[in-house]
Structure formats: structure tokens, C-alpha cells
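Below is one structure, written out as C-alpha cells; comments come after it.
Please treat every number below as a calculation from the coordinates, not as lab data. Keep in mind it's a predicted model, so treat the numbers as computed, not measured. Glycine gets a Cβ as well: all are built from the backbone with ideal geometry, and neighbour counts include every protein chain shown.
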Amino acid sequence: MSGWVGLQCPDPEGLRSYCMAKNILPQAFSPLGPTFNTTAKDVLIKGPLTTGIGKLHNKSGAQVALKYVVQHGSALVTRALDEEYLDTDIDLFNWNLTSSDIAALDAATDPMARPCLLCTSN
């Protein structure tokens, strides 16, 4: 992966597409956002898009965000200090986002975040 250092990565799908083409399973580490950026994290898991979709499925905004990662074919690693959050994090495999849910999430432009540590731009 050292060849990726310095590469402009304006679109996280570019990295995902590269991984898929090379038969590499992309993995999202801490996909709900860093704890130091609480504004972006709050928009992601408490914002109207994810919570609105979550209501349709009787799930939380965080579960919608995690399911989105899984349905896009990536593995994920989450962490939580509370056992309740761990239980909800694992509750991803008995339901699916609809194609309209995915389209709405794909079109979202907020919150902005750096897609990977190896990218040099958003």
C-alpha cells in the first residue's frame, strides 16, 4: 500500500473500486467517525437523513450508517464503551436498506470527512 501515499483520493469510491478490482476487501475502521470531530459524528448518526431512514426500519441513525458500509461490500470495525451500543452495532444482518435508501445516502454531501488516512484530499 505504500504506493498510495501522496495519491490524490478525492472520491472514496475510487479507493473502493481499486480494492475491488484487486480483490482486496475494503475495511471501514471506526466508520461512525472519530470522537474528536463530534460535529461530523452527530450529523452522521443523529442527522435527519440517517435517523429518517432508521425510523423506516426501526433502527438508529448509527445502525443505518453501519448497514450502508456493509451493503457496499466493505468489512467494518466498530468500538463502543457501552454494551448497549455493541449490541446495536451487531444488529445489522437481519434487515437491509432499500435501493432508495442507498441512493439517498449515496447522494449525501454532509458530513464531509476524509475517507482514508492514505488520501491527501477530501
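A few points about this structure:
- Computed from label points 7 Å out along Cα-Cβ, the spacing between Thr98 and Asn58 is 1.7 nm.
- Net dipole in debye of the stretch 27-107 [+1 Lys, Arg Cβ; -1 Asp, Glu Cβ; about Cα centre; nearest 20]: 220 debye
- For Lys46, a cut-off of 27 angstrom between C-alpha atoms picks up these lysines, skipping any fewer than 8 places away in its own chain: Lys55, Lys59, Lys67.
- Put in order of Cβ neighbour count within 10 Å, fewest first, the listed residues Lys22, Lys55 become Lys22, Lys55.
- Inter-label distance, Arg79 to Gln27: 1.4 nm, where each label sits 7 Å from its Cα along the C-beta direction.
- Gyration tensor verdict on the stretch 27-107 (Cα atoms; rounded if a/c is under 1.5, prolate if a/b is larger than b/c, oblate otherwise): rounded
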